[in-house]
Amino acid sequence: MSVMGRVALVTGGAQGIGRAVVEALLRSGAKVSVVDINQSCGDVCKSELDAEFGGDNCAFIQCDVTDGHALRDAFQKTVELFGRLDIVINNAGINNEKNWEKTIDVNLTSLIKGTYLGLEHMSREHGKRGGTIVNVSSMAAFLHSPHQPVYTATKHGVIGFTRAMAVRLASGPEVRGTPLCSTLTFLVNLPTLSHAALQEPGEVWWRSPLRGRGGGGRSAEPPTTGLSSFQLEVCFC
Ligand SMILES: NC(=O)c1ccc[n+]([C@@H]2O[C@H](COP(=O)([O-])OP(=O)(O)OC[C@H]3O[C@@H](n4cnc5c(N)ncnc54)[C@H](O)[C@@H]3O)[C@@H](O)[C@H]2O)c1
């Protein structure tokens with residue numbers, strides 16, 4: 001799938017990995033809605049991106065993804081601003097074992113809401129043209145870190161939910177005759193969006209940019225060494 005001319009929504013996009021993804025999308029010709037809780041960081045992000053990519057290509061929407069109404073509004077506003085939605089990157093995440101309920105809320109519950117909202121705005125079932133959803137997980141899902149059990153649980157959950165959705169969408173009438181895949185891949189490697197549509201329906205696929213230290217593979221768990229993070233990607237165009 002070419003990113004040129006597409007519209008993307010990235011949660012937690014004002015800094016860190018999300019910001020890198022936003023920049024990669026803008027560089028590839030997409031318009032991007034940056035959805036983040038941090039107003040000051042978002043303002044800085046927006047002005048820097050406007051200076052580099054032009055003011056009409058990027059929007060910052062202040063939103064706490066755990067607020068279901070605000071998240072729904074952020075999706076709606078993105079469509080109103082840019083006229084369509086093609087890519088959703090559910091990236092916002094925290095790692096707070098003391099406030100573990102919040103960690104579940106941000107990392108898993110909100111990601112599920114973001115996925116369903118993405119389907120509402122993009123899937124053929126809802127009369128739209130299809131799109132791509134990228135759900136960000138972590139190697140923590142495979143390495144059972146004793147110091148971050150709740151974070152580990154949320155990232156396990158991201159994989160389980162996304163895989164189940166991939167299979168469900170693959171068998172649904174709305175995607176009959178169209179490609180669907182579930183892909184595990186590194187995050188800041190947006191070209192992966194383009195090879196997603198090449199995979200077989202329902203197939204699990206992962207890839208590492210650390211050449212020679214794992215490479216990539218199909219229908220298998222990624223190696224537990226040599227990798228630091230990955231994302232789970234569902235394409236349902
Ligand atoms: N950094 C790593 O090494 C690593 C490794 C594996 C997975 N990940 C995952 O990648 C994603 C991004 O991580 P990062 O390292 O870039 O984090 P980060 O802390 O640098 O950025 C996270 C962004 O999410 C935003 N955010 C936090 N809570 C939010 C909320 N309730 N609503 C809206 N926005 C919110 C923050 O304001 C921030 O801009 C997370 O899901 C994380 O679990 C990170």
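The values are calculated or read from the model by the stated rules, or taken from the named source; none is laboratory data. No experiment lies behind these values; they were computed from the predicted model shown. Cβ sites come from the backbone with ideal geometry, for glycine too, and all protein chains shown count toward neighbours.
Within region 92-106, residues that are farther than 18 Å from residue 136 by Cα sit with their Cβ atoms under 9 Å from residues that are in a helix (DSSP H, G or I) and aromatic (Phe, Trp, Tyr), at 6+ positions apart or across chains, in these pairs: 97/151; 100/151. Looking at 67, 56 in this structure, which one is farther than 23 Å from residue 110 by Cα and either of a type in the set (D, E, K, R) or surrounded by fewer than 21 Cβ atoms within 10 Å (Cβ to Cβ) (or both)? Checking each option against the conditions leaves just 56. Based on what the data block shows, is residue 20 within 12 Å of the ligand (Cβ to nearest atom), surrounded by fewer than 20 Cβ atoms within 10 Å (Cβ to Cβ) and either among the hydrophobic types (A, V, I, L, M, F, W, C) or modelled with pLDDT under 95 (or both)? Spelling it out, residue 20 is indeed within 12 Å of the ligand (Cβ to nearest atom), surrounded by fewer than 20 Cβ atoms within 10 Å (Cβ to Cβ) and either among the hydrophobic types (A, V, I, L, M, F, W, C) or modelled with pLDDT under 95 (or both). On the stretch given as region 33-61, residues that are under 18 Å from residue 85 (Cα atoms) and either within 14 Å of the ligand (Cβ to nearest atom) or of a type in the set (S, T, N, Q) (or both) total 7. Annotation: residue 25 fulfils all but one of (1) more than 19 Å from residue 166 (Cα to Cα); (2) surrounded by 16 or more Cβ atoms within 10 Å (Cβ to Cβ); (3) modelled with pLDDT of 95 or more; the unmet one is (3). One residue stands out in region 130-168 among those that are free of Cβ contacts under 8 Å to residues at least 40 places away in the same chain and away from the ligand (no atom under 16 Å from the Cβ): the one that is surrounded by the fewest Cβ atoms within 10 Å (Cβ to Cβ), namely 146. Listed here are the strands (runs of 3 or more DSSP E) enclosed by region 3-66 that have at least 1 residues being touching a residue at least 60 places away in the same chain (Cβ under 8 Å): 7-11. Scanning region 119-154 for residues that are closer than 26 Å to residue 100 by Cβ, in contact with a Lys or Arg (Cβ under 6 Å, 6 or more places away or on another chain) and in a helix (DSSP H, G or I) returns 140, 141.
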